Amino acid sequence: MQLIKKTLVFVLNRLLAHRYIIWKNNNTNCDEVCLTFDDGPSPYTEKILDILDAHHIRAIFFLIGDNVEKNHILARSIVDRGHIVGMHGYHHTAMTNMTVSEFIEDLSESERVFRALWGDPVRIYRPPYGSISLLKMLVLWRKGYKIVMWSKDIKDFESESGEDQLQKMKDVSVRPGDIFLFHDTCRITSDTLDTFIKILRKKSIGFGFRWVC
């Protein structure tokens, strides 16, 4: 099953390139990585925003519609502080666990919440759990969405301690153009992000998101 998924990802990446779905920036002139944060807003989002501000870094936050409704002031603050927001489902349900009609309903609910809060349409989407379904991706593309995946996953939600998380951050192989997956629902990420940014800065790696959107 994992081999089939990897093969599908490879084929889609080759066929659809940067226009409809993106895992990383393959442009050799790119000297930045992109930080992305899933599942918020949460009680740890504010601290992450403060860290990003301190380093003058802008990131992408893929927000859950239900969490946006519960934390609308914090959700608005993400954009007010210069970051980009993307959709991550209304209930964080995997594409493959929904019928097409259920997926369209979930997407519509997210669109309602985002439109009420920001007005401007949001046009990037990250599938919950990275689970992809061709029919539902066609729904997204027809509505003008780009799907943004990731090339590096620290698996912060599996870290048992800050030390464990920092070791994974130090060990990860980083190349310009990588898209990093973090979760702003993880306390450990809010505790270790500052150090991770400093690790990459020592490697002369910059941060950005414009090439993703």
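Kindly identify the range 53-164 as rounded, prolate or oblate by the Cα gyration tensor criterion: order the square roots of the eigenvalues as a ≥ b ≥ c, call it rounded if a/c is under 1.5, otherwise compare a/b with b/c, prolate if a/b is larger, else oblate.
Since a/c reaches 1.5 but b/c is at least a/b, the shape of the range 53-164 is classed as oblate.
Recomputing Rg and Dmax of the Cα atoms in Å from the coordinates shown identifies the correct label among (i) 16.2, 54; (ii) 19.2, 58; (iii) 16.5, 48 as (iii). Remark: the range 161-168, residue by residue, has Karplus-estimated 3J(HN,Hα) of 7, x, 5, 4, 5, 5, 5, 5 Hz, where x stands for each Gly or Pro and the curve is 6.51 cos²θ - 1.76 cosθ + 1.60 at θ = phi - 60°.
How many percent of the accessible area of the range 61-102 is carbon or sulfur, using a 1.4 Å probe?
The computed percentage sits at 52.
Less than 5 angstrom separates the built amide H of Lys146 from those of Ile124, Tyr125, all sequence-distant by 5 or more or on a different chain. Remark: the range 81-88, residue by residue, has Karplus-estimated 3J(HN,Hα) of 8, x, 9, 9, 10, x, 8, 9 Hz, where x stands for each Gly or Pro and the curve is 6.51 cos²θ - 1.76 cosθ + 1.60 at θ = phi - 60°. Amide hydrogen proximity for Asp39: with H placed 1.01 Å from N in the peptide plane, the residues at 5 or more positions away or on another chain lying under 5 Å are Phe62, Ile64. Per residue, the chain exposes 50 Å² of solvent-accessible protein surface, assessed with a 1.4 angstrom probe and all protein chains in place. Once the C-beta distance of Val100 and Asn26 is scaled by a Förster radius of 41 Å, the resulting FRET efficiency is 0.85 to the nearest 0.05. 3J(HN,Hα) couplings calculated from phi for the range 30-43 with the Karplus curve 6.51 cos²θ - 1.76 cosθ + 1.60 (θ = phi - 60°) are, in sequence order, 6, 10, 10, 10, 10, 8, 10, 10, 9, 5, x, x, 9, x Hz; Gly and Pro show x. Taking amide H as placed 1.01 Å from N in the peptide plane, Val33 has its amide H under 5 Å from the amide H of Gly177, Gly206, Phe207, Gly208, each at least 5 places away in sequence or on another chain.
The values are calculated or read from the model by the stated rules, or taken from the named source; none is laboratory data. Remember, it's a predicted structure, so these values are computed and weren't measured experimentally. As a convention, Cβ positions derive from the backbone with ideal geometry for all residues, glycine included, and neighbour counts pool all protein chains shown. We work out accessible area using only protein heavy atoms, side chains counted, and drop any ligands, DNA or RNA first. Shrake-Rupley method; radii C 1.70, N 1.55, O 1.52, S 1.80 Å.
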